[in-house]
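A.B. asks: Here's a structure for you.
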Amino acid sequence: MAYISMGEAHRRITDYLNNFSDAIAAQDGALLRHLVSFSFNNPKLLSVADALNVFQDVSRLIRNSSEMLSPLLRALQCYKLGQLVEAYNSYEKFANAFLQEFRNWESAWALEALYAVCYEIRIIAERADRELASNGKTPDKLKAAGSFLMKVFGVLAGKGPKRVGALHVTCQLFKIYFKLGTVHLCRSIIRSIETARIFDFEEFPPRDKVTYMYYTGRLEVFNEKFPAADQKLSYALAHCHPDHEANIRMILKYLIPVKLSIGILPGNLLLEKYKLLEYTDVVLALRRGDLRLLRSALQQHEDRFLRSGVYLVLEKLELQVYRRLLKKIYTIQKHKDPSKAHQVKLDIIVKALKWLQIDMDADEVECIVAILIYKNLIKGYFAHKSKVVVLSKQDPFPKLNGKPVDS
């Protein structure tokens, strides 16, 4: 840090305090948002933090809103020094004082500043938890940040113009719950958003609706409710800004497995454009009916799929691969002898699997085919004496039509 004179330190701090007071007096939400945002490492804010290390007696400079400004300045100072636990504790005190003031303001002019406070408290909490964990202590700041955001939601969940901010805070809560692995806590807040009469989903800002649909879509994936997941993630994709490629990629990471589960395969250009090449062999396995390739792809990218929470969804695609393999055998037989194409011997399926280095006997294959028939993935029946699958002569491989394979 370059040398700062006492006079220069005094000037920087005074300018910051004056800007804060002016922002509130003029109801300038954009300026206020800028003044409470630390994590972007704004040089002007960090220069104020340097000044605080020189000018120790800040309290005598604060004339108004001391319950907000004193902890805010302390948080800024600790943040710059890398004392993240203390920075979080001070920022939380500021955030609670700010929320009380926000509650008293009649209009919604400070919503953008409140959004910044909600974002900052989450980010600082995550970093504080890493500091606690590295020192062998229990990380509990992100959980505390979640409790604060629930208070914010309570303030916004009422009548009046402020309620349009409720979805933004909900999305911040989702990020916390997913990070902590407490996604069950999402249910109550989803219920509030989707059933409360005070909310009209269409009146929320587009960016918040996209984020909300992304997270609720992920929840539907975890609950294996694929039609609902498809609807929500497709909404998020359709309404995501086309220039936000990183966000589109995040949506596709979950939408692609959902689409695969209902029989819709993405093209290679899509996978290449959004760097989702881990799905290339999965899609190819489905096209070919290649069980070995599917299992190899799942094994190769197991860690990535497990982290995303889609591994089990992809594992269930085996039934589609069996279906595709049976369809390929049927197609080959149809070219050779159309009159007998609908009669597929179990031994032929066993041989096809052996060629793919999948060792299964006729009884195991019969069990798989029985499941395919039961789930209406193929139409037909068994001729047990002759060990033959007799496929329907009309539409033996019905289209999935968006119906999940495991339903």
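The values are calculated or read from the model by the stated rules, or taken from the named source; none is laboratory data. Computed from a predicted structure; not experimentally measured. Heads up, the Cβs are rebuilt from the backbone with ideal geometry, glycines too, and the neighbour counts pull from every protein chain shown. Note: areas computed on protein heavy atoms with side chains; ligands, DNA, RNA excluded. Shrake-Rupley method; radii C 1.70, N 1.55, O 1.52, S 1.80 Å.
A.B. asks: Inside region 68-84, can you point out the residues that are buried (at least 19 other Cβ atoms within 10 Å of the Cβ) and without any contact (Cβ under 8 Å) to a residue 60 or more places away in the chain? Please lay out each step first, then the result.
C.D. replies: Taking region 68-84 and keeping what is buried (at least 19 other Cβ atoms within 10 Å of the Cβ), we get 68-69, 71-80, 84.
If the condition is that a residue be buried (at least 19 other Cβ atoms within 10 Å of the Cβ) and without any contact (Cβ under 8 Å) to a residue 60 or more places away in the chain, then MET68, LEU69, PRO71, LEU72, ARG74, ALA75, LEU76, GLN77, CYS78, TYR79, LYS80, LEU84 are the ones that fit.
A.B. asks: Tally the residues that are without any contact (Cβ under 8 Å) to a residue 40 or more places away in the chain, assigned to a loop (DSSP other than H, G, I, E, B) and either open to solvent by 20 Å² or more (accessible area, probe 1.4 Å) or closer than 17 Å to VAL313 by Cα (or both), restricting the search to region 214-241.
C.D. replies: Total meeting the criteria: 3.
A.B. asks: Now for a different question. Here are the criteria: (1) crowded, with 18+ Cβ neighbours inside 10 Å; (2) of a type in the set (Ser, Thr, Tyr); (3) in contact (Cβ under 8 Å) with a residue 24 or more places away in the chain. Tell me which single one SER107 does not satisfy.
C.D. replies: (1)
A.B. asks: Looking only at strands (runs of 3 or more DSSP E) that fall completely inside region 291-407, which ones have 3 or more residues that are at pLDDT 85 or above, out of contact with any helix residue (DSSP H, G or I) (no Cβ under 9 Å at 6 or more places or on another chain) and surrounded by 17 or more Cβ atoms within 10 Å (Cβ to Cβ)? Reasoning before the result, please.
C.D. replies: Values: elements: 343-345, 380-383, 388-391.
So the answer is none; nothing clears 3.
A.B. asks: Go through region 242-298 and report how many residues are of a type in the set (Ser, Thr, Tyr) and more than 19 Å from THR216 (Cβ to Cβ).
C.D. replies: Going through region 242-298 one residue at a time, the tally reaches 4.
A.B. asks: Scan region 177-213 for residues that are open to solvent by 50 Å² or more (accessible area, probe 1.4 Å), more than 23 Å from LEU252 (Cα to Cα) and small (Gly, Ala, Ser) and jot them down.
C.D. replies: Residue satisfying the conditions is SER188 alone.
A.B. asks: Further, regarding this structure: What number of residues within region 354-364 are under 20 Å from HIS384 (Cβ atoms) and within 41 Å of the chain's Cα centre (by Cα)? Talk me through it step by step, then tell me what you get.
C.D. replies: In the first step, residues of region 354-364 are kept if they are under 20 Å from HIS384 (Cβ atoms); the result is 360-364.
Next cut, within 41 Å of the chain's Cα centre (by Cα) only: 360, 364.
Going through region 354-364 one residue at a time, the tally reaches 2.
A.B. asks: Would you please name the residue that is farthest from ALA110 (Cα to Cα), looking only at residues in region 35-52 that are out of contact with any Leu (no Cβ under 8 Å at 6 or more places or on another chain) and of a type outside the set (Gly, Ala, Ser)?
C.D. replies: Of region 35-52, the ones out of contact with any Leu (no Cβ under 8 Å at 6 or more places or on another chain) are 39-44, 46-47, 50-51.
Subset that is of a type outside the set (Gly, Ala, Ser): 40-44, 46, 50.
Numbers: PHE40: 20, ASN41: 22, ASN42: 20, PRO43: 23, LYS44: 21, LEU46: 23, ASP50: 27 Å.
So the residue we want is ASP50.
A.B. asks: Could you say whether any residue in region 115-132 is surrounded by 17 or more Cβ atoms within 10 Å (Cβ to Cβ), under 22 Å from GLY165 (Cβ atoms), modelled with pLDDT of 95 or more and of a type in the set (Lys, Arg)?
C.D. replies: Yes, region 115-132 contains a residue that is surrounded by 17 or more Cβ atoms within 10 Å (Cβ to Cβ), under 22 Å from GLY165 (Cβ atoms), modelled with pLDDT of 95 or more and of a type in the set (Lys, Arg).
A.B. asks: List the pairs whose first member sits in region 1-14 and is acidic (Asp, Glu), whose second member is surrounded by 11 or more Cβ atoms within 10 Å (Cβ to Cβ) and at pLDDT 85 or above, and whose Cβ atoms are under 8 Å apart, counting only residues at least 6 apart or on separate chains?
C.D. replies: Taking only residues 6 or more apart or on different chains, the pairs are GLU8/ALA51.
A.B. asks: Taking the stated definitions as given, is PHE40 of a type in the set (Phe, Trp, Tyr) and open to solvent by less than 50 Å² (accessible area, probe 1.4 Å)?
C.D. replies: Details: of a type in the set (Phe, Trp, Tyr): yes; open to solvent by less than 50 Å² (accessible area, probe 1.4 Å): no.
No; evaluated as a whole, the condition is false for this residue.
A.B. asks: Separate question: Those residues that are in contact with an Asp or Glu (Cβ under 7 Å, 6 or more places away or on another chain) and in a helix (DSSP H, G or I), I need them from region 24-50; list them, please.
C.D. replies: GLY29, ALA30, ARG33
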